[in-house]
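Okay, so here's the structure we're looking at.
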Amino acid sequence: MSATTAFGTEQPRGLVEDHNRLTKIIADSLEDAEESKKNRLLTRGSSTRREEQAAHLAWWPAVAINDGTDGFIPLDAVRTTIIEAVLGGLARDAEDLDHSKDVFLGDIRGDVVHLIDWYILREPRLAPALFGEICLDARVRFGLDPKDVGDLLRRSLHLDSGLDRQTLKALLGLALPPSAQSLDGRSPFQR
């Protein structure tokens with residue numbers, strides 16, 4: 001779940017995506033400033049030079065956004081929000097269960113899946129703990145089998161995630177606890 005930065009280093013894909021977005025915003029602002037000031041404050045430079053300057057200016061804000069310790073976005077709060085959003089949907093489903101063997105849990109909302117993507121792209125090493133906590137809390141709070149919750153996570157991510165299928169397959173294989181894995185090792189939602 002890494003990508004190459006403009007500086008040629010491997011970093012988490014979320015950080016690289018944020019850096020690329022900020023670089024574009026800053027480069028566009030520099031170009032607008034050059035055009036509007038008619039060379040009074042900034043010297044007219046090539047677009048390559050402008051993009052290089054923008055990449056350097058964008059690096060630390062991108063890192064600050066992605067830093068869970070004191071960044072702009074508190075990753076612990078995002079994690080808690082994800083867990084509670086998933087469990088909120090499970091609470092509604094748990095009320096309707098008749099405790100038969102065939103359990104069908106409704107899909108996780110698309111916006112919550114996108115938040116899961118965002119979190120995973122910035123903290124891929126924490127995905128196992130996130131999924132494990134969802135499975136554990138669903139078991140403790142609602143008596144749901146972790147395998148059923150694992151199937152729900154697989155299905156919802158395959159439906160709405162922006163991550164590619166191969167990454168999802170590898171991520172879910174590594175991140176879901178053993179009790180949430182399919183019995184035959186394959187997800188019924190894989191193609």
> Within region 37-67, can you find the residues that are open to solvent by less than 90 Å² (accessible area, probe 1.4 Å) and modelled with pLDDT under 60?
Replying inline: 37, 39, 42, 45
>> Of everything in region 113-140, what is farther than 21 Å from residue 91 by Cβ and in contact with a Phe, Trp or Tyr (Cβ under 9 Å, 6 or more places away or on another chain)? Give them in sequence order.
In response: 126, 127
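The values are calculated or read from the model by the stated rules, or taken from the named source; none is laboratory data. In this text the structure is predicted, and so the values were computed from the model without any measurement. Every residue, glycine as well, gets a Cβ built from its backbone with ideal geometry; the counts of neighbours run over all protein chains shown. Each accessible area value is taken on the protein alone, full model and side chains, heavy atoms only, with ligands, DNA and RNA left out. Shrake-Rupley method; radii C 1.70, N 1.55, O 1.52, S 1.80 Å.
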